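J.: Structure provided below as C-alpha cells; questions to follow.
The values are calculated or read from the model by the stated rules, or taken from the named source; none is laboratory data. Quick caveat: nothing in here was measured; it's all calculated off a predicted structure. All Cβ positions, even for glycine, are placed from backbone atoms using ideal geometry, and neighbour counts span all protein chains on display.
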Amino acid sequence: MTQKENPWKTLRKELVYKNAWIKLEHHEVLNPSNQPGVYGTVSFQNLAVGIIPIDADNSTFLVGQFRFPLNDYSWEIPEGGSKLKSDPLVAAKRELKEETGIVATIWNQLQTIHTSNSVTDEFGIIYTAEGLSYFEPEPDADEELEVKRISLKEVLQMIKAEEITDSLSISGILRLHCDRPELFT
C-alpha cells in the first residue's frame, strides 16, 4: 500500500491519565481541512494477542467471561496482552495455557488487527494453535472464566447471530474461514 503524508497537525498534546494498561491523551489539532479541533486518543501499554486453538476434530475453545467495560458477558477466543517490546508468541502461549489449560506444539500467525483505530492505537496479533495437549487452566486472580469446546462451524454461527462481538475473535475466525474453509464443514 502507498504511504501518505499525515494531514493532521498536532498543536498541543496533554497527558490526561495513565496506568499500567492505558494512556489517555488530549490533542489540540489542525484537521485535514486545516481547521482547529480536538482529538482524544487511548494508547495501550500492551499488544493484544488472540489464539484460535484447533483440535483434531476441527473444534476450538472459547472463553466466556464478564467484561467490566461492557457490563456484559462475552464469549471470545483466548486472548490477553503482551508487553510491547516482548515476543507476542510467548505471551500467546502463556495466555492459552492460563485461560484454557491448553499447550500447543504448532503455532502460526494468522492475522494482525487494529482493534478500533478511530480512537486507539491498539494493535493485535492472532495465532492459530494446533497439536494440542490438555492441562488444568491457571487463570489470573482477577479472572472468572468459563471454557467451552465448540466446532468452528458453530463459532461462525455465533458470530452471525452476534453472540460473539469481540473484534479479535471475529477477525481471527473470519480470516481462518477465508484461509482454511475446510475446517468449517
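J.: Looking only at residues that are surrounded by 13 or more Cβ atoms within 10 Å (Cβ to Cβ) and touching a Gly at 6+ places or on another chain (Cβ under 7 Å) in the range 88-111, which one is farthest from D57 (Cα to Cα)?
T.: The selected residue is A91.
J.: Here's another thing I want to ask about it. Does any residue of the range 36-44 turn out to be under 22 Å from F184 (Cα atoms) and either surrounded by 14 or more Cβ atoms within 10 Å (Cβ to Cβ) or among the charged types (D, E, K, R) (or both)? Step through it out loud before you land on a result.
T.: Filtering the range 36-44 down to residues under 22 Å from F184 (Cα atoms) leaves none.
No; the residues of the range 36-44 include none that is under 22 Å from F184 (Cα atoms) and either surrounded by 14 or more Cβ atoms within 10 Å (Cβ to Cβ) or among the charged types (D, E, K, R) (or both).
J.: Can you report the number of residues in the range 159-177 which are buried (at least 16 other Cβ atoms within 10 Å of the Cβ) and in contact with a helix residue (DSSP H, G or I) (Cβ under 9 Å, 6 or more places away or on another chain)?
T.: The number of residues fulfilling the criteria is 7.
J.: Right, something else. Evaluate the following for R180: is it over 25 Å from K83 (Cα atoms), of a type in the set (D, E, K, R) and surrounded by 14 or more Cβ atoms within 10 Å (Cβ to Cβ)?
T.: The answer is yes for R180.
J.: Could you pull out the residue among S116, S82, S74 that is within 18 Å of G172 (Cα to Cα), assigned to a strand (DSSP E or B) and at pLDDT below 95?
T.: S82
J.: Restricting attention to the range 51-63, does a residue exist that is outside any loop (DSSP other than H, G, I, E, B) and under 21 Å from V119 (Cβ atoms)?
T.: Within the range 51-63, not a single residue is outside any loop (DSSP other than H, G, I, E, B) and under 21 Å from V119 (Cβ atoms).
J.: Could you give every pair whose Cβ atoms fall below 7 Å, whose first residue belongs to the range 1-22 and is farther than 14 Å from T41 by Cα, and whose second residue is of a type in the set (V, I, T), counting only separations of at least 6 or pairs across chains?
T.: Listed by first residue and then by second, the contacts come to K9/V29; L11/V29.
J.: Could you tell me which of the residues Q111, Q157 is more than 19 Å from P88 (Cα to Cα) and polar (S, T, N, Q)? Can you show your working first?
T.: Values: Q111 fails: more than 19 Å from P88 (Cα to Cα).
Result: Q157 is the single residue among Q111, Q157 that is more than 19 Å from P88 (Cα to Cα) and polar (S, T, N, Q).
J.: Same structure again: Can you tell me which of (1) closer than 30 Å to E25 by Cβ; (2) of a type in the set (D, E, K, R); (3) in contact (Cβ under 8 Å) with a residue 24 or more places away in the chain; (4) loosely packed, with under 14 Cβ neighbours inside 10 Å is the one E122 doesn't meet?
T.: Going through (1) closer than 30 Å to E25 by Cβ; (2) of a type in the set (D, E, K, R); (3) in contact (Cβ under 8 Å) with a residue 24 or more places away in the chain; (4) loosely packed, with under 14 Cβ neighbours inside 10 Å one by one, E122 breaks only (4).
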